[in-house]
1. Scan A52, A108, A56 and give me the residue that is closer than 26 Å to I231 by Cα, assigned to a helix (DSSP H, G or I) and out of contact with any Ser or Thr (no Cβ under 9 Å at 6 or more places or on another chain).
2. Looking at K172, K191, which is the one that is modelled with pLDDT under 95, among the basic types (K, R) and surrounded by fewer than 21 Cβ atoms within 10 Å (Cβ to Cβ)?
3. Taking segment 177-188, which residues are buried (at least 20 other Cβ atoms within 10 Å of the Cβ) and under 18 Å from the mean Cα position of the chain (by Cα)?
4. Considering (1) assigned to a strand (DSSP E or B); (2) open to solvent by less than 20 Å² (accessible area, probe 1.4 Å); (3) among the β-branched types (V, I, T), say which one I148 fails and leave the rest.
5. Is it the case that segment 68-88 has a residue that's of a type in the set (S, T, Y), over 26 Å from S47 (Cβ atoms), assigned to a helix (DSSP H, G or I) and without any contact (Cβ under 8 Å) to a residue 24 or more places away in the chain?
6. Restricting attention to segment 155-166, report how many residues are part of a loop (DSSP other than H, G, I, E, B) and either in contact with a helix residue (DSSP H, G or I) (Cβ under 8 Å, 6 or more places away or on another chain) or open to solvent by less than 50 Å² (accessible area, probe 1.4 Å) (or both).
7. If you go through segment 1-16, how many residues are open to solvent by 70 Å² or more (accessible area, probe 1.4 Å), within 19 Å of L271 (Cα to Cα) and among the hydrophobic types (A, V, I, L, M, F, W, C)?
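The values are calculated or read from the model by the stated rules, or taken from the named source; none is laboratory data. No experiment lies behind these values; they were computed from the predicted model shown. In this analysis, Cβ positions are derived from the backbone assuming ideal geometry, glycine residues included, and neighbour counts consider all displayed protein chains. Side chains included, ligands, DNA and RNA excluded: accessible areas come from the protein's heavy atoms. Shrake-Rupley method; radii C 1.70, N 1.55, O 1.52, S 1.80 Å.
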Amino acid sequence: MANLLKGKDVAQAVNLRSKVDVDTLKQLGITPTLAILRVGNNESDLSYEKGAIKRANEVGVDVKSIVLDENVDIDTFYKTLENLNNDDSIHGILMLRPLPNYLDNERARLSIDPNKDVDGCTNGSLSGVFTNTEYGFAPCTAQAAIEILNYYNIDVKGKNIVVIGRSLVVGKPLSMMLLNMNSTVTICHTKTIDLPTISRNADIVICAIGKLETLTADYFSAGQTVIDVGISWSEEKQKLCGDVLFDEVQPLVENITPVPGGVGSVTTSILINHVVEACKRQCKN
């Protein structure tokens, strides 16, 4: 039976790291501050915002919620975003997405100052990931997967790692982050030929395709570490499940993250840590 790589302890470790830095900054009269920009009252947005605020409160980060009407005019939306970019009291911006289509999600994503892009969604942040430089921030979910591997002392140096998924949110940036840590990375996806064989031969498999329980025991082998990033609602089981068919795979591999309670539970801690780091960087300039 595989060891469970639970996210709760990892999140607490990240929170502690953040709190130490926040306390130091507050002694200098500086309070790290996150602006959350939300359009409308989508339930998933409200849930994520609530989780982010709770995490921020735990470590002493201030949060300013900016809520715009779901029919806000385009000029007002982009002026609001511009004001947040130019407000020196705001150190990080979280824009809850997807936005209504008429606001142009791509334009909005690219309009955030990369120095305040604590969600890691701008091209500037992604360039920082790909060049291994401190410009912008890595996407929070990708960073959460790295934090779990580090916390549980799972060495990635020289290891054969298969990343199943190629999104800009997880697959691509996470692959580059692992490559920067001297892993040997293979990026796979739903069109990969003979994916089960490639996956079985890896030391570590990171699953990020967002398809409910599609990765069965055929994709895995003994001794592997499995990081399941996917999270979907199972109507059959009436609960959240991952990309991995957990009940089949857990008895086979050495380590595995649960869903829920794995990567997702670390993500908001990473977000708030990015706010603190953004504040530190901006104070140096």
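1. None of the others qualify; the one that does is A108.
2. Going through K172, K191 in turn, the sole match is K191.
3. M177, L178
4. I148 satisfies all of (1) assigned to a strand (DSSP E or B); (2) open to solvent by less than 20 Å² (accessible area, probe 1.4 Å); (3) among the β-branched types (V, I, T) except (1).
5. no
6. Residues that pass the stated criteria total 3.
7. Of the residues in that region, 1 qualify.
Each row is one residue, and each column tells you yes or no for (1) over 30 Å from L96 (Cβ atoms); (2) modelled with pLDDT of 95 or more; (3) not in a loop (DSSP other than H, G, I, E, B).
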{"site": "G120", "(1), (2), (3)": "no, yes, no"}
{"site": "V129", "(1), (2), (3)": "no, yes, yes"}
{"site": "N153", "(1), (2), (3)": "yes, yes, no"}
{"site": "S199", "(1), (2), (3)": "yes, yes, yes"}
{"site": "A202", "(1), (2), (3)": "yes, yes, no"}
{"site": "L212", "(1), (2), (3)": "no, yes, no"}
